[in-house]
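The values are calculated or read from the model by the stated rules, or taken from the named source; none is laboratory data. What you see is a predicted model, and the numbers here were worked out from it, not measured in a lab. All Cβ positions, glycine included, derive from the backbone under ideal geometry; neighbour counts span all protein chains shown.
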Amino acid sequence: METLFSVVIPAHNEEKYIGKCLRSIRYAAKQVPDKVEIVVAANRCTDSTADIAKRYGAKVVYNDDKCISSIRNAAIRASSGKIIVTIDADSTMTKSSLSEIKELLLSGEYIGGGTMPKFDRASLGIAVSSIYIAINLIPVMIKSGGMLSGAMFWFMRSDFDKIGGFDEDLISLEDMDFAKKLKALGKTCGKKYGTLKKAHIVTSSRKFDEFGDWYLIKNRKLTKAIFTGKNRDAADKFYYDVR
């Protein structure tokens, strides 16, 4: 059977989370009659992330770059599905995710799109931080011509190739850059950038667990540096060299 879906996961020392992520994908895969492939890009892992992924039947590729775009691209280029779905290792998709993605993409109306995320816990600090992040993203959204969802992207492999993948010159904010390019590509062929309505993802609040729920508010200079997409020191401090 030809592979329809490739679900790709960038993963750096994710042994605590990746099993739950993989189980959610397998559950969603049961809701479609198609072949679903999982590809994990193990990035500088010193734990059992790769072993866990293999036990769940995932294909594992290895990448040592400190660039999330490069990690995502490596996983996608090692995959074989016509439809690509990206999800982070500390997130889980709901069971209708793949079926809804298939419905939207095969309708011919959508170029692809994103997904609404929910944190696995709530607090005032997380809520205020989320609003602050949204405010910082407004300039990006204005340039993109409106609100763009992210979190879990879905698109055709052929369109990924047309865009040139995720921009490896960006150290962060690569997701919004990709969304902007995907939307622009859609406009050239009369297709919309969409957001899943039935499905969503649940993502861990581990950054808040690690740094504190008010960390982004207390360190606004760092937050703004992250949202430039090109500040290596800020990205290392918050993403790549945390653990």
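The selection criterion, being more than 22 Å from A151 (Cα to Cα), touching a Lys or Arg at 6+ places or on another chain (Cβ under 7 Å) and among the hydroxyl-bearing types (S, T, Y), does not hold for T46.
If you go through segment 31-44, how many residues are farther than 14 Å from T3 by Cα and either surrounded by fewer than 20 Cβ atoms within 10 Å (Cβ to Cβ) or touching a Ser or Thr at 6+ places or on another chain (Cβ under 6 Å) (or both)? If you could, list the steps in order and put the result at the bottom.
Of the residues in segment 31-44, the ones farther than 14 Å from T3 by Cα are 31, 40-44.
Next, only the ones that are either surrounded by fewer than 20 Cβ atoms within 10 Å (Cβ to Cβ) or touching a Ser or Thr at 6+ places or on another chain (Cβ under 6 Å) (or both) stay: 31, 42, 44.
Going through segment 31-44 one residue at a time, the tally reaches 3.
Within segment 40-55, does at least one residue satisfy the condition of being at pLDDT 95 or above, within 19 Å of D175 (Cβ to Cβ) and out of contact with any His (no Cβ under 7 Å at 6 or more places or on another chain)? Yes, segment 40-55 has at least one match.
Could you check segment 82-97 and list, in sequence order, the residues that are assigned to a helix (DSSP H, G or I) and under 22 Å from S48 (Cβ atoms)?
Restricting attention to segment 82-97, the residues satisfying the condition of being assigned to a helix (DSSP H, G or I) are 97.
Within segment 82-97, none qualify.
Among the residues of segment 63-77, is any of a type in the set (D, E, K, R), in contact with a Ser or Thr (Cβ under 7 Å, 6 or more places away or on another chain) and buried (at least 21 other Cβ atoms within 10 Å of the Cβ)? Yes - at least one qualifying residue is present in segment 63-77.
So how many residues does segment 168-194 have that are among the polar types (S, T, N, Q) and within 22 Å of L22 (Cα to Cα)? So that I can check it myself, show each step before the final result.
If we filter segment 168-194 for residues that are among the polar types (S, T, N, Q), which is where we start, we get 172, 188.
Next cut, within 22 Å of L22 (Cα to Cα) only: none.
Qualifying residue count for the region: 0.
Return yes or no: is L216 of a type in the set (A, V, I, L, M), over 20 Å from the mean Cα position of the chain (by Cα) and buried (at least 17 other Cβ atoms within 10 Å of the Cβ)? First the steps, then the outcome.
Numbers: of a type in the set (A, V, I, L, M): yes; over 20 Å from the mean Cα position of the chain (by Cα): yes; buried (at least 17 other Cβ atoms within 10 Å of the Cβ): yes.
Yes: the conditions hold for L216.
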